[in-house]
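Asker: Handing you a structure now.
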Amino acid sequence: MKSLDVDWTRCDGHGLCAELLPDRITRDDWGFPVIAPIAVADEDNTSVRRAVALCPALALRITTR
Amino acid sequence: MTAVLPAPTARAWAIGAPRLLAGLDRHATLDHTAHLAVHGPLPHLDRARLTALLDDIALTGRGGAGFPFAAKLRATTREHGTVVVNGSESEPASFKDRTLLRRAPHLVLDGALAVAAAIGARRVTVAVHDPAAAAAVTQAIRQRRDAARAGVERVDGGFVAGEARALVRRLGGGPAMPPGRRVHLTERGVLASNAETFAQVAVATRLGARRFRDTGTHAEPGTTLLTIGGAVSRPGVVEIPLGTPLGIVLAAAGAADPQAIVAGGYHGSWHAPLPQLRLARDGITLGAGVLLVLDGSTCALGELARVTAWLAAQSTRQCGPCQFGLPALARDVAALAAGAAAALPAAQRHAHLVDGRGTCHHPDGAAQFVTSGLQLLQSEIDRHLAHGGCGRPVRGLLEVPS
């Protein structure tokens, strides 16, 4: 199962991911992403991969577990 | 099981027959000769036999995470790896690992050397913060001929620096902070565990599975070390059979008026001192093996606030939710102790918000500590909300390093 994951040591809370994936990602009191526990399905690949690629801190990733 | 052995030399005692602490009622420190006299020679077990033994006794890591130790052995397949004994003991109230390292260093070395021999590890690194423990282990290594591959490394004493991945990163020359990516140390040939875990291995190789299981519960055989502190007349390090009822331990430690206990340390949880609760995973989870007792002389909510502030200060500030969330949580608990009603839902929300959102388990542990405290201290909270306090001082029974 693939899911979205954050490397918290890199994330600076820019918030771009929440703009790009409003259905999956909201922001907490300090601007850091809160990721909804939804699996990344194949049909989501394009939008999710785009958000991962655009993360300014290279903190957002897709992980398989 | 209720027989309490007196320990004239130090604050180390046992309920039932001591295993890890054997001989410490007669010796301040067990040198190699005394160690062999008390424990006997160390049997050699190959990888398959040691793994089977550890499976049989269901040994789990004693640093807090409770990971099955046999699984670590299985996962360390790389030859010429390193065995790391985590003796940094960064849990403030804990003293059990230092007690072992200072007073029974050969038992810890036995376990680490037995594991190293079984998996073909080239090095054994004993990572410690405490100077006295470092000196005792260094001396112990010199006293024996089979420890050429063992060495001592002094490491930082920070709470998060003691996390295994942070520790190994530091040993490799990096910062003492947990890495951002999930790292499986065993894939790198590093088998790291807490000092007590290795002492348990040393005991188990001598006793064998059947005798090891003579005490403890079926699911969790054997003994465990606890550091007991707070409102007790006999604080110190105690060895107990796993599954011992809380009431027996509290009575033996001299807890006259227990109102609440904190089990597992500051990543642990608060409980009502129900005597029938068992000190085992299906009762009170022991985490890093700490049991702290609060009595009616102190303001429990103030104690909670004090430790929460300390936990917030321990963030390495790598991860945003922990860096900002824990201080917010600490402010909430302090405000609640001062009687602010809105602080209760705020604390619950912030605890939920930091949980699971960091590269290490510091925010999760802090959230659990606060959440369980708030749950247990319901009537205390009511009193604080009604009167702006409870009239009792915060005595600092839950110690934090200054």
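Asker: In this structure, is B:V115 in contact with a strand residue (DSSP E or B) (Cβ under 6 Å, 6 or more places away or on another chain) and not acidic (D, E)?
Answerer: On the way: in contact with a strand residue (DSSP E or B) (Cβ under 6 Å, 6 or more places away or on another chain): yes; not acidic (D, E): yes.
The answer is yes for B:V115.
Residue-wise test of (1) crowded, with 21+ Cβ neighbours inside 10 Å; (2) in the same structural domain as B:G63 (by TED's automatic domain parsing).
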| residue | (1), (2) |
| --- | --- |
| B:V190 | yes, yes |
| B:S193 | yes, yes |
| B:F198 | yes, yes |
| B:A202 | yes, yes |
| B:G208 | no, yes |
| B:A231 | yes, no |
| B:E239 | yes, no |
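Asker: Also, quick follow-up: Only one of (1) away from chain A (no Cβ under 14 Å); (2) more than 30 Å from B:L59 (Cα to Cα); (3) of a type in the set (A, V, I, L, M); (4) assigned to a helix (DSSP H, G or I) fails for B:L311. Which number is that?
Answerer: (2)
Asker: What residue, among those in the range B:344-354 that are in contact (Cβ under 8 Å) with a residue 12 or more places away in the chain and more than 24 Å from B:A166 (Cα to Cα), is nearest to the other protein chains (Cβ to nearest Cβ)? Give the steps one after another, and end with the answer.
Answerer: Of all residues in the range B:344-354, those in contact (Cβ under 8 Å) with a residue 12 or more places away in the chain come to B:344, B:346-348, B:350-354.
Imposing the further condition that a residue be more than 24 Å from B:A166 (Cα to Cα) reduces the set to B:344, B:346-348, B:350, B:352.
Values: B:L344: 17, B:A346: 10, B:A347: 13, B:Q348: 14, B:H350: 8, B:H352: 10 Å.
Only one residue tops the list, namely B:H350.
Asker: Can you list residue pairs whose Cβ atoms sit under 9 Å apart, with the first residue in the range B:112-126 being farther than 22 Å from B:A52 by Cβ and the second being acidic (D, E)? Count only pairs 6 or more apart in sequence or on different chains.
Answerer: Listed by first residue and then by second, the contacts come to B:R122/B:E79; B:T125/B:E153; B:V126/B:E153.
Asker: For residues that are in a helix (DSSP H, G or I), in contact (Cβ under 8 Å) with a residue 12 or more places away in the chain and away from every other protein chain (no Cβ under 14 Å), scanning just the range B:316-342, find the one that is surrounded by the fewest Cβ atoms within 10 Å (Cβ to Cβ).
Answerer: Among residues in the range B:316-342 that are in a helix (DSSP H, G or I), in contact (Cβ under 8 Å) with a residue 12 or more places away in the chain and away from every other protein chain (no Cβ under 14 Å), the one surrounded by the fewest Cβ atoms within 10 Å (Cβ to Cβ) is B:A334.
Asker: Shifting gears a bit: Among the candidates B:T227, B:T316, single out the residue that is assigned by TED's automatic domain parsing to the domain that holds B:A340, in contact with a helix residue (DSSP H, G or I) (Cβ under 6 Å, 6 or more places away or on another chain) and farther than 23 Å from B:L344 by Cα.
Answerer: Step by step, each of B:T227, B:T316 is checked, and only B:T316 is assigned by TED's automatic domain parsing to the domain that holds B:A340, in contact with a helix residue (DSSP H, G or I) (Cβ under 6 Å, 6 or more places away or on another chain) and farther than 23 Å from B:L344 by Cα.
Asker: Separate question: From the list A:A36, A:A18, A:A53, which residue is touching a strand residue (DSSP E or B) at 6+ places or on another chain (Cβ under 8 Å) and over 22 Å from B:C360 (Cα atoms)?
Answerer: A:A18
Asker: Follow-up question, since we're still on this one. Checking B:R357 against (1) away from chain A (no Cβ under 14 Å); (2) of a type in the set (D, E, K, R); (3) buried (at least 17 other Cβ atoms within 10 Å of the Cβ); (4) in contact with a strand residue (DSSP E or B) (Cβ under 9 Å, 6 or more places away or on another chain): exactly one of these is not met. Which one?
Answerer: Here B:R357 meets the rest and fails (1).
Asker: Just to verify a result, which residue in the range B:136-175, among those that are within 14 Å of chain A (Cβ to nearest Cβ) and in contact (Cβ under 8 Å) with a residue 24 or more places away in the chain, is surrounded by the fewest Cβ atoms within 10 Å (Cβ to Cβ)?
Answerer: B:R165
Asker: Under 7 Å between Cβ atoms, at least 6 apart or on separate chains: pull out the pairs that start in the range A:26-51 with a residue that is more than 13 Å from A:W8 (Cβ to Cβ) and end on any residue that is hydroxyl-bearing (S, T, Y).
Answerer: A:A39/A:S3; A:V40/A:S3
Asker: Kindly evaluate B:I261 against the criterion of being touching a Ser or Thr at 6+ places or on another chain (Cβ under 9 Å), buried (at least 18 other Cβ atoms within 10 Å of the Cβ) and not aromatic (F, W, Y).
Answerer: Working: touching a Ser or Thr at 6+ places or on another chain (Cβ under 9 Å): no; buried (at least 18 other Cβ atoms within 10 Å of the Cβ): yes; not aromatic (F, W, Y): yes.
In short, no.
The values are calculated or read from the model by the stated rules, or taken from the named source; none is laboratory data. Treat the numbers as computed from the prediction; the structure is a model and nothing was measured. Glycine also receives a Cβ, built like all others from the backbone with ideal geometry; neighbour counts cover every protein chain displayed.
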